[in-house]
Structure formats: structure tokens, C-alpha cells
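Derivation of every value follows stated rules applied to the coordinates shown; laboratory data play no part. Worth saying up front: this structure is predicted, and the values here are computed from it rather than measured. Heads up, the Cβs are rebuilt from the backbone with ideal geometry, glycines too, and the neighbour counts pull from every protein chain shown.
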Amino acid sequence: MSNTNHEEDQPCHLTLKDASIPIARNLPLYDEPAQRYCPAGVYEVIDNAKGEKIFQINGQNCVHCKTCDIKDPAQNIIWVAPEGAGGPNYPNM
Ligand code: SF4
């Protein structure tokens, strides 16, 4: 619905200061809230081939609300503007 688009080969505009925090700290303490507060389903906790939990970032889906930049309990997510003119495009607004 947001007509979001990011070029496939650009660097991810969502990064983590410490990649271990989502699984090591946020998951046991808060059940990793990024799975629920992100309206675009960008953040997922999934099992890898070994059955271990991993934190996956689906940056292509981001609708630039910046909730994650504010709401992450560890302030661990860094949101920067993507390259070019990528992002949501609401044609009726
Ligand atoms: S900016 Fe909004 S849509 Fe994008 S990843 Fe963060 S919470 Fe999700």
C-alpha cells in the first residue's frame, strides 16, 4: 500500500550497533519487541539451519516511520536515509 521501493543493491539503511543484542538481550527480556512494533514486518526472529535463533532485517520493506530508531529498548538500531529516492510513495496524500 505504501509503494515502497529501495534499489536491491544498495547498502541496508537499517543497521545494528551490536548485532548480538537482539537475540542475547532483547529476546529473553522483551521477546524482541521489534517483531511487533515495526508496522512493515522488517524485523523477524527466525531459526537458522542449526535451529538457532537469528535476527533478520528485511530492510526492503521499511516504510520510514522511524519507530525502531526511537523504540528499541537498547537504542541499538540505527536508521539512516536510504540512497536515491527510495522509500514509500503514497500517491493519494
Ligand atoms: S523505520 Fe518503521 S518501518 Fe522502517 S524498520 Fe523501522 S519501524 Fe519498521
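Here are a few things to note about the model shown:
- Among the GluC sites (Glu not before Pro) within segment 1-65, those in coil by DSSP and having at most 13 neighbouring Cβ atoms inside 10 Å are 7, 8, 52.
- Amide H contacts under 5 Å for residue 5: 87, restricted to partners 5 or more places along the chain or on a different chain, H placed in the peptide plane at 1.01 Å from N.
- The count of lysine pairs in segment 17-79 whose Cα atoms are under 24 Å apart, excluding pairs fewer than 8 places apart on the same chain, comes to 4.
- Of the trypsin sites (Lys or Arg not before Pro) found in segment 6-93, those that fall in a DSSP loop while having at most 16 other beta-carbon atoms within 10 Å are 17, 50, 66.
- In segment 1-55, the C-alpha radius of gyration followed by the widest Cα-Cα span (Dmax) gives 13.2, 35 angstrom.
- The stretch between residue 23 and residue 2, if pulled fully straight at 0.36 nm per residue, gains 4.6 nm over its current Cα-Cα span.
- Average projected area [Cα convex hull, segment 47-93], square nanometres: 5.2 nm²
- Over the chain, equivalent-ellipsoid semi-axes from the Cα gyration tensor in Å: 25, 14, 13
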